[in-house]
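All remarks here apply to the structure that follows.
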Amino acid sequence: MCAKKIAGVLGATGSVGQRFILLLSNHPDFELKVLGASPRSAGKKYIDAVNWKQTDLLPKSAEDITVSECKSDAFQNCDVVFSGLDADYAGPIEKEFVEAGLAVISNAKNYRREEDVPLVVPIVNPEHLDIVANKIENAKIEKKSKPGFIVCISNCSTAGLVAPLKPLVEKFGPIDALTTTTLQAISGAGFSPGVPGIDILDNIIPYIGGEEDKMEWETKKILGSVSNDKSHIELLTPDEIKVSAQCNRVAVSDGHTECISLRFKNRPAPSVDAVKQCLRDYVCDASKLGCHSAPKQTIHVLEQNDRPQPRLDRNRDAGYGVSVGRVREDPVLDFKMVVLSHNTIIGAAGSGVLIAEILLAKNLI
Ligand SMILES: NC(=O)C1=CN([C@@H]2O[C@H](COP(=O)(O)OP(=O)(O)OC[C@H]3O[C@@H](n4cnc5c(N)ncnc54)[C@H](OP(=O)(O)O)[C@@H]3O)[C@@H](O)[C@H]2O)C=CC1
Ligand SMILES: N[C@@H](CC(=O)OP(=O)(O)O)C(=O)O
């Protein structure tokens, strides 16, 4: 049995950072050693710096770690650094880490649109990590030291959307039109400052800044393909997919729900039963690789009329699985369905951990 890889977390005190702490405590492959947050938290013990808001208790192993400033010196011994940094600060910090030769897996939006940065939902497009493998291979050929790199995790609502789309597009071809209306949990808005109770109690907020554009754009990259020379990602064209998103904040703690309608380009459209079977049969590559956190069932197709529900279904496969319910014909497009995914697990920190497990299985960290 190899020694565990050393892991660090940037933005360790936030909504995503706290989830990283939970997922990495007692992980068989990674040992959490270094935590970073803002200058307000640096120098304090983690237990004193964090305002812990998870329903699971703060792991003992993290309590006494002294929070560092987010500078690469403190993280030099890390084999992998997970970032849950506020996007207002993530850009230059993550850049400095990559330049220092570190492997960074980031939840922040800053580098998602760079064409040579993989944007990965690990249950959907781990093959985009070939770009990292190619960078490392090229450095070897040029006898340079192992390069730093960044892998971005998608927007949390996008992660839930692309999970069922991947097997459907593979089996039934391009999607001519898709609309999605989201009902997003408050943990998605983070903890500093977070959504005020007075705004969300007895209410729905029909606007989440930037979210609709992210869903519409990121879907094209995640379902796109690696270029022949493995240097960048080629996006799907509008001819291959058209997405329209409307995003809403609702009074749910964790778990994003999405009501999706879609029409395939190819005629005749498949039957409802064929769509359900396709979703049930999908086994993601992370599961085939035997990764520790990979879901046993990637997509759970639920038959009850009133499911999925966030409180009841968000923890399927420990939050790494996605639930799909109410698959039925749509009188305007071809089909409609309801998708539920855990926004801070498969939509954020869990995806980061699973990406690291895949990188490890491929000897890239
Ligand atoms: N929540 C979610 O479901 C998802 C979030 N994301 C993305 O992940 C990132 C983190 O989100 P979230 O956890 O919700 O945000 P939070 O606001 O809860 O946490 C932000 C973190 O950034 C740290 N930070 C703030 N300012 C600085 C600074 N100047 N230097 C270094 N660190 C700083 C904070 O530290 P301190 O406590 O010391 O202030 C805290 O650890 C964001 O980019 C977000 O868009 C992505 C997918 C899903
Ligand atoms: N905006 C998402 C959280 C998220 O994923 O944000 P971003 O795409 O900026 O990382 C939410 O509020 O639920």
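Here, each number is a calculation from the coordinates, and none is a lab measurement. All figures in this text were calculated on a predicted structure; none of them were measured in a lab. As a convention, Cβ positions derive from the backbone with ideal geometry for all residues, glycine included, and neighbour counts pool all protein chains shown.
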Between Asp306 and Ser231, what length comes free when the chain is fully extended (0.36 nm per residue of separation minus the Cα-Cα distance, one decimal in nm)?
22.5 nm
Defining a contact as two alpha carbons under 8 Å apart and six or more residues distant in sequence, what relative contact order in percent does the chain show?
18 percent
Using r as the Cβ-Cβ distance of Cys259 and Ser145, and R0 as 41 Å, what FRET efficiency do you calculate, to the nearest 0.05?
0.25
Check every DSSP H run in the chain and write down those whose alpha carbon atoms cover 18 angstrom or more along the long axis and whose mean Kyte-Doolittle hydropathy is 0.5 or greater.
156-172
Indicate, rounded to the nearest 5 percent, the antiparallel portion of the DSSP beta bridges found entirely in the range 156-342.
65 percent
Where the only charges are on Cβ atoms (+1 Lys, Arg; -1 Asp, Glu), what is the dipole of the chain about its Cα centre, to the nearest 20 debye?
520 debye
Of Ile205, Ile241, Ile21, the one that fluctuates the most in a GNM where the chain has Cα springs shorter than 10 Å
Ile205
In terms of the charge dipole of the range 196-273, which places +1 on Lys and Arg and -1 on Asp and Glu at the beta carbon, the residue among Asn203, Ile241, Met215 farthest towards the positive end is Ile241
quick note, the chain, DSSP beta bridge pairs, % antiparallel (nearest 5) is 40 percent
Given a cut-off of 20 Å, name the pairs among Lys146/Lys362; Lys171/Lys362; Lys109/Lys220; Lys135/Lys362; Lys4/Lys44; Lys265/Lys336 whose C-alpha atoms lie farther apart than that in the structure shown.
Lys171/Lys362; Lys4/Lys44
Across Ala245, Ala12, Ala163, the residue with the highest GNM fluctuation in the chain (Cα network, 10 Å cutoff) is Ala245
Would you calculate, for the chain, the mean residue ellipticity at 222 nm contributed by helices, counting each DSSP H stretch of 4 or more residues as -39,500 (n - 2.57) and dividing by all residues, to the nearest 500?
-8000 deg cm²/dmol
